[in-house]
Amino acid sequence: MTTGSLLDRYEEYRTRRFLKNEEITGGWMPNWRTRRRRRILAVAVVALIALMFAVAIASYFTMAAAIVWLPAALIFLPAWTCLQIVSGRQSDAPRHALDEREIAERNSARSIGLSVAQALLLIPIFTLL
């Protein structure tokens with residue numbers, strides 16, 4: 001058994017599993033699949049991540065601030081799950097389940113996300129230096 005065939009079989013398994021899950025969740029939350037509502041969910045997820053980050057920083061100074069982190073995380077999880085459902089989980093879809101346009105859009109979004117993450121990580125790097 002070669003490594004290539006093992007990886008190919010795993011990719012095919014991921015594709016089958018993704019398509020099966022997409023078939024199950026495809027009809028969920030039909031009113032939230034508009035661009036406007038997806039953006040609302042995306043903004044909510046980003047705001048909750050920023051809140052959890054701010055609470056994590058604040059908890060270095062006072063432990064009482066750490067109590068806010070758990071409710072924020074408990075609100076974040078369903079918001080993120082809803083965003084994944086209404087966006088069709090394009091971000092973690094196997095490449096065989098997407099067409100060329102979807103792959104290009106996903107790669108573009110990942111590139112932008114990587115650039116933003118690298119820029120934001122420079123702040124703690126320079127702080128620690």
Output the 0 to 90 degree angle, nearest 10, between the alpha-carbon long axis of helix 100-128 and the longest principal axis computed from the alpha carbons of the chain.
30
Contact order normalised by length for the chain, with contacts defined as Cα pairs under 8 Å and 6 or more residues apart; what percent is it?
32
Crossing angle, helix 35-58 versus the chain [Cα axis fit, 0-90 degrees, rounded to tens]:
40
Accessible-area ranking of Phe53, Phe18, largest first, probe 1.4 Å:
Phe53, Phe18
Taking a label point 7 Å from the Cα of Phe53 along Cα-to-Cβ, the residues of segment 106-129 whose backbone nitrogen sits under 14 Å from it are 113-125
Using only Cα atoms, tell me the angle between helix 66-86 and the longest principal axis of the chain; keep it within 0 to 90° and round to the nearest 10.
20
Using alpha carbon centroids, what distance separates segment 84-129 and segment 50-82, in Å?
23
If you roll a 1.4 Å probe over segment 1-59 with all protein chains in place, what percent of the accessible area is carbon or sulfur?
63
With Kirkwood's inverse mean 1/r over C-alpha pairs for Rh, give me the Rg to Rh ratio of the chain, two decimals please.
1.06
Considering only protein heavy atoms, what is the solvent-accessible area of Val46 at a probe of 1.4 Å, reported in Å² to the nearest 10?
100
Taking the solvent-accessible surface of protein heavy atoms with a 1.4 Å probe, what is the per residue accessible area of segment 72-111 in Å²?
60
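The values are calculated or read from the model by the stated rules, or taken from the named source; none is laboratory data. All figures in this text were calculated on a predicted structure; none of them were measured in a lab. Note that we place each Cβ from the backbone using ideal geometry, even for glycine, and neighbour counts take in every protein chain shown. Heavy atoms of the whole protein, side chains included, go into the accessibility calculation; ligands, DNA and RNA do not. Shrake-Rupley method; radii C 1.70, N 1.55, O 1.52, S 1.80 Å.
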